[in-house]
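This report refers to the structure that appears directly beneath it.
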Amino acid sequence: MFSLADGIPQREQQILAAVAAGEVEHHWHPLTWTANGRVVRALVSREPLALRRGDHRLYVSTTFPTAQAIGDMIGGSMLTTKISDEIQRQAPVKVAPHVRNWSADGTMARTDRMIQQSAALAAAVAGRDELKSNLGKDWILTRRNWPAPAGTGEDLPAGQKGSRRNGANFGWYLPNAPSRSPGGERVIQSIGLAHDFGHTDYSQLLRYVKRDSITVDGQPVGYATALADPVLSPLLQDEGGILPSDRHPDL
């Protein structure tokens, strides 16, 4: 079992240490799509990253900076909404959103809630070794984290709702959801900038794209290079314009 602390900073140091020690379960899965007449291939997380110790397995939820740090450790970058949409469209295993009412009683960031959610998700996918989608929400890259003209985020202090300096989250696909992704898929959580870098909750799981795995029409291109290129960027994200980097500008 993983004896994780209740306090978020200590717990996240424990998670980082476990990943560094190799107590991690994460698999890359090939994903192919066509955009603007060009064929894009990438390796993406087959399912959210989990800690693994013996027979014990735990999907972990973390803050945005810790998600970035873990991505750096495994050679991954955060998804765009377009890549998340493609995973949802193509995944053989799609999970109905496990939405909890734990914000009402202030328990949504507690370690026991993470453990409870992980167990429910593990039961829902029943050990299937295929591409999975919708187990949780994603921390994502978005143009809104950069100032105009590169993005649309308001220049508010970090931590204030809507600040471009906050982490961006997205996801939970549902056919009758009130919001849509930039690509038109219905989601419970459209691109959100409500949470500062200290926020985590049971829903924020960890999925990535392998940053050196991108090819366009068979030609390799770095993820960051492609996102910043006016021609290639629309193949990987559909917010318009470019993304200046493959990581949050404050990280």
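The values are calculated or read from the model by the stated rules, or taken from the named source; none is laboratory data. Model, not experiment: these values are computed from the prediction. Here the Cβ is made from the backbone with ideal geometry for all residues, glycine too, and neighbour counts use every protein chain on show. Side chains included, ligands, DNA and RNA excluded: accessible areas come from the protein's heavy atoms. Shrake-Rupley method; radii C 1.70, N 1.55, O 1.52, S 1.80 Å.
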Degrees between helix 81-90 axis and first principal axis of the chain (Cα, 0 to 90, nearest 10) | 70 degrees
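Over the chain, with the other protein chains present, what is the accessible area per residue in square angstrom, probe 1.4 angstrom?
Roughly 41 Å² per residue, with all protein chains present.
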Measure nothing but the geometry: give the 0 to 90° angle between the long axis through the Cα atoms of 8-20 and the longest principal axis through the Cα atoms of the chain, rounded to 10°.
-> 70 degrees
Positive-end residue, the chain charge dipole about Cα centroid, Cβ charges, pick of Gly159, Ala124, Ser245 | Ala124
One would report the Cα pair-distance distribution of the chain, bin width 10 Å, in %, as 7, 33, 39, 19, 3, 0
Applied in sequence order to region 195-204, the curve 6.51 cos²θ - 1.76 cosθ + 1.60 (Karplus, θ = phi - 60°) yields integer Hz couplings, x standing for Gly and Pro, of 10, 7, 5, x, 7, 8, 7, 4, 8, 8
Over the chain, what is the mean sequence separation of C-alpha contacts under 8 Å (at least six apart), divided by residue count, expressed as relative contact order in percent?
-> 24 percent
With DNA, RNA and ligands ignored, accessible area of Ile188 (1.4 Å probe; Å², nearest 10) = 70 Å²
Proximal charge balance of Ser245 [Cβ under 15 Å; K/R count +1, D/E count -1] | +1
Within the set of other residues whose C-beta is less than 11 Å from the C-beta of Thr63, count the net charge using Lys and Arg as +1 and Asp and Glu as -1.
-> -2
Between the Cα axis of helix 111-125 and the main Cα principal axis of the chain, the angle (0 to 90°, nearest 10) is 70 degrees
Report, by chain and number, residues whose modeled amide H sits under 5 Å from the one on Ala5, excluding near sequence neighbours (fewer than 5 apart, same chain).
-> Arg11
Proximal charge balance of Ile214 [Cβ under 14 Å; K/R count +1, D/E count -1] | 0
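Restricting the count to DSSP beta bridges whose residues both fall in the chain, what percent are antiparallel, rounded to a multiple of 5? Let's see the in-between values first.
On the way: 32 of 38 bridges.
Among the beta bridges of the chain, antiparallel pairing accounts for roughly 85 percent.
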Along region 170-176, Karplus-curve 3J(HN,Hα) (6.51, -1.76, 1.60; θ = phi - 60°) to the nearest Hz, with x for Gly and Pro, reads 6, x, 6, 6, 8, x, 9
Among Ile8, Ile87, what's the order by accessible area (1.4 angstrom probe), most exposed first?
-> Ile8, Ile87
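Mind giving me the FRET efficiency for Gln116 and Lys94? R0 is 22 Å, r the Cβ-Cβ distance, nearest 0.05 is fine. Display every interim value, and only then the final one.
Numbers: r = 21 Å, r/R0 = 0.97.
Step by step, r from the Cβ atoms, then E = 0.55.
Could you state the per residue volume, in Å³, of the convex hull enclosing the Cα atoms of region 1-54?
Details: hull volume 5.8 nm³, N = 54.
It is 108 Å³ per residue.
Place a +1 charge on the Cβ of each Lys and Arg in region 160-251 and a -1 charge on the Cβ of each Asp and Glu, then give the dipole magnitude about the Cα centre in debye, rounded to the nearest 20.
Numbers: 9 positive and 10 negative charges, 50 e Å.
Once rounded to the nearest 20, the dipole reads 240 debye.
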Set the Förster radius R0 to 25 Å, insert the Cβ-Cβ distance between Ser103 and Ala124 as r into 1/(1 + (r/R0)^6), and round the FRET efficiency to 0.05.
-> 0.75
Cα-only radius of gyration and Dmax that characterise region 202-251, units Å | 12.0, 38
DSSP-defined antiparallel bridges as percent of all bridges, region 33-168, nearest 5 | 65 percent
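Quick one: with all protein chains in place, what share of the accessible area of the chain is carbon or sulfur, to the nearest percent (1.4 Å probe)? Working shown, then result.
On the way: 5310 of 10390 Å².
Carbon-and-sulfur percentage of accessible area, whole number: 51.
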